[in-house]
1. What residue, of 148, 152, 144, is of a type in the set (A, V, I, L, M, F, W, C), surrounded by fewer than 20 Cβ atoms within 10 Å (Cβ to Cβ) and at pLDDT 95 or above?
2. Just to be sure, is residue 185 farther than 30 Å from residue 5 by Cα and either part of a strand (DSSP E or B) or touching a residue at least 60 places away in the same chain (Cβ under 8 Å) (or both)?
3. Just the residues that are closer than 19 Å to residue 16 by Cβ, out of contact with any His (no Cβ under 8 Å at 6 or more places or on another chain) and in a loop (DSSP other than H, G, I, E, B), please, taken from the stretch 86-109.
4. Assigned to a helix (DSSP H, G or I), of a type in the set (Gly, Ala, Ser) and at pLDDT 95 or above: does that describe residue 8?
5. Of a type in the set (Ser, Thr, Tyr), modelled with pLDDT of 95 or more and either touching a Gly at 6+ places or on another chain (Cβ under 7 Å) or within 24 Å of residue 214 (Cβ to Cβ) (or both): is that true of residue 111 in this structure?
6. Where the second residue is exposed (fewer than 10 other Cβ atoms within 10 Å of the Cβ) and of a type outside the set (Ser, Thr, Tyr) and the first is in the same structural domain as residue 78 (by TED's automatic domain parsing) and lies in the stretch 19-37, which pairs have Cβ atoms under 9 Å and are six or more apart or on separate chains?
7. Tell me, yes or no, whether the stretch 129-138 has at least one residue that is in contact (Cβ under 8 Å) with a residue 40 or more places away in the chain, out of contact with any helix residue (DSSP H, G or I) (no Cβ under 8 Å at 6 or more places or on another chain), outside the structural domain of residue 172 (by TED's automatic domain parsing) and not charged (D, E, K, R).
8. Can you list the strands (runs of 3 or more DSSP E) found entirely within the stretch 201-259 that contain at least 1 residues being free of Cβ contacts under 8 Å to residues at least 40 places away in the same chain?
Amino acid sequence: MSAETVIGRVAETARRLVGYWERNPGGVRLPGWHAPFRPLGDLLPARDVEFAERNPQMVPLLWYPALSTGPDTRRVIDVLDHLPVDHDAASAMIRRQELSRIYSWAIASRTALDWLGDRLAGRGLLEVGAGSGYWASLLRAQGADVLATDSATDRNGYTDRFRFTDVQAATAAEAARCHPDRVLAVIWPPHREPMAAEALAAYQGSGLVYIGGRRGGLCAERSFFDALAEHWRPVSRCPLTLRWLGYDDQATFYVRRAS
């Protein structure tokens with residue numbers, strides 16, 4: 001699918017959903033949910049809306065149905081990627097699987113990028129399994145020094161359409177072993193694969209950011225979470241969790257435990 005085709009689909013999705021919410025200004029109640037769904041843009045902080053309006057992944061998502069829970073310091077917003085078939089905008093929605101393959105499996109937000117930039121405090125970042133380079137491109141646009149790597153820089157089964165910034169070819173373990181001076185970033189590592197665990201075992205640095213699901217979810221494998229619990233201490237969590245409904249991912253910054 002060409003970039004022009006994707007852009008056209010994204011624009012059409014947004015257009016159809018704008019009309020849908022104009023016809024449902026009070027939100028939409030769906031079976032099994034305690035609260036009405038509202039467009040994501042109504043639930044995001046103002047700076048995140050401004051960022052989303054200039055972010056290709058977020059343009060259609062601003063109009064996707066969403067729920068918000070938790071206090072402002074630990075806000076969780078869950079985004080639904082579909083509507084029941086009898087809703088007139090249902091056929092226009094691009095599902096999570098396809099959007100993730102184009103952009104990223106983790107939804108980026110201004111809050112998350114600012115939070116991560118603050119945690120880096122001027123240090124360089126090494127992202128392993130960077131895929132399309134989407135997160136790296138956003139962080140680089142903020143002035144962060146990001147080295148993005150992936151073992152398969154072309155079609156790799158997880159992202160195969162676009163490249164948002166330069167991604168160097170290297171296995172996660174190779175990259176982690178060579179760059180202990182950088183903070184290691186692991187963002188939605190593939191499920192039941194050793195990539196994340198191998199990167200963590202090879203890395204000798206002191207800082208780690210993990211964005212993804214928890215133990216037993218759809219990211220990494222058990223040995224990664226075992227090493228995380230044994231050798232790493234969480235020191236900060238992003239104050240806004242923006243994720244697809246039904247998933248438990250969160251963004252956490254870790255430092256290595258004293259031996």
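The values are calculated or read from the model by the stated rules, or taken from the named source; none is laboratory data. Since the structure is predicted, the reported quantities are computational estimates derived from the model, not experimental observations. Neighbour counts are summed over all protein chains in view; Cβ atoms, including those assigned to glycine, are modelled from backbone coordinates with ideal geometry.
1. 144
2. Working: farther than 30 Å from residue 5 by Cα: yes; either part of a strand (DSSP E or B) or touching a residue at least 60 places away in the same chain (Cβ under 8 Å) (or both): yes.
Considered against the rule, which asks whether it is farther than 30 Å from residue 5 by Cα and either part of a strand (DSSP E or B) or touching a residue at least 60 places away in the same chain (Cβ under 8 Å) (or both), residue 185 comes out as yes.
3. So the first thing to find is which residues in the stretch 86-109 are closer than 19 Å to residue 16 by Cβ, and the list is 86-96, 98-99, 102.
Now drop any that are not out of contact with any His (no Cβ under 8 Å at 6 or more places or on another chain), which leaves 86-89, 91-92, 94, 96, 98-99, 102.
Passing the criteria: 86, 87, 88, 89, 94.
4. Numbers: assigned to a helix (DSSP H, G or I): yes; of a type in the set (Gly, Ala, Ser): yes; at pLDDT 95 or above: no.
Considered against the rule, which asks whether it is assigned to a helix (DSSP H, G or I), of a type in the set (Gly, Ala, Ser) and at pLDDT 95 or above, residue 8 comes out as no.
5. Details: of a type in the set (Ser, Thr, Tyr): yes; modelled with pLDDT of 95 or more: yes; either touching a Gly at 6+ places or on another chain (Cβ under 7 Å) or within 24 Å of residue 214 (Cβ to Cβ) (or both): yes.
Against the criterion (of a type in the set (Ser, Thr, Tyr), modelled with pLDDT of 95 or more and either touching a Gly at 6+ places or on another chain (Cβ under 7 Å) or within 24 Å of residue 214 (Cβ to Cβ) (or both)), residue 111 qualifies.
6. 30/84; 31/84; 36/26
7. For the stretch 129-138, residues in contact (Cβ under 8 Å) with a residue 40 or more places away in the chain, out of contact with any helix residue (DSSP H, G or I) (no Cβ under 8 Å at 6 or more places or on another chain), outside the structural domain of residue 172 (by TED's automatic domain parsing) and not charged (D, E, K, R): absent.
8. Values: elements: 207-212, 232-237, 240-244, 250-256.
By residue number, 232-237, 250-256.
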